[in-house]
Amino acid sequence: LEEEQDATQRLTTHCHTRSYLGEQGSAFTVLRPSGKVKIGADILDAYTRGEFIDEGESIKVIGEEGTSLKVKKSE
């Protein structure tokens, strides 16, 4: 491979060092149904239960699986 990928391309994964369950944040990218969310200063992999969430919309973490967070639109 001749290309390198770095964090500025939004292609990194994040191993959780703590639980994000119940926390709120925003969609960093569009979730269709997966993408990236921002919680505090952290940008994390996330997926929904099938719904699409637009970039910038508020989200809430409802589950954790491996390196991904299960999220829904925050009400």
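The values are calculated or read from the model by the stated rules, or taken from the named source; none is laboratory data. Remember, predicted model here, so these are calculated numbers, not experimental data. Methodologically, a virtual Cβ is constructed for each residue, glycine included, from the backbone with ideal geometry; neighbour enumeration extends over all protein chains shown. When the accessible area is computed, the model is the full protein with side chains, heavy atoms only, and any ligands, DNA or RNA have been set aside. Shrake-Rupley method; radii C 1.70, N 1.55, O 1.52, S 1.80 Å.
So is Gly63 modelled with pLDDT of 95 or more, surrounded by 10 or more Cβ atoms within 10 Å (Cβ to Cβ) and under 11 Å from the mean Cα position of the chain (by Cα) or not? Answer is no for this residue. Scanning segment 1-22 for residues that are open to solvent by less than 60 Å² (accessible area, probe 1.4 Å) and modelled with pLDDT of 95 or more gives Tyr20, Gly22. Within segment 66-75, being assigned to a strand (DSSP E or B) and either at pLDDT below 95 or open to solvent by less than 70 Å² (accessible area, probe 1.4 Å) (or both) holds for Ser68, Leu69, Lys70, Val71, Lys72. Total residues in segment 29-60 satisfying the condition of being of a type in the set (D, E, K, R) and under 8 Å from the mean Cα position of the chain (by Cα): the figure is 3.
Looking only at residues of segment 29-44 that are in a strand (DSSP E or B) and of a type in the set (Gly, Ala, Ser), we find that the one that is most open to solvent (accessible area, probe 1.4 Å) is Ser34.
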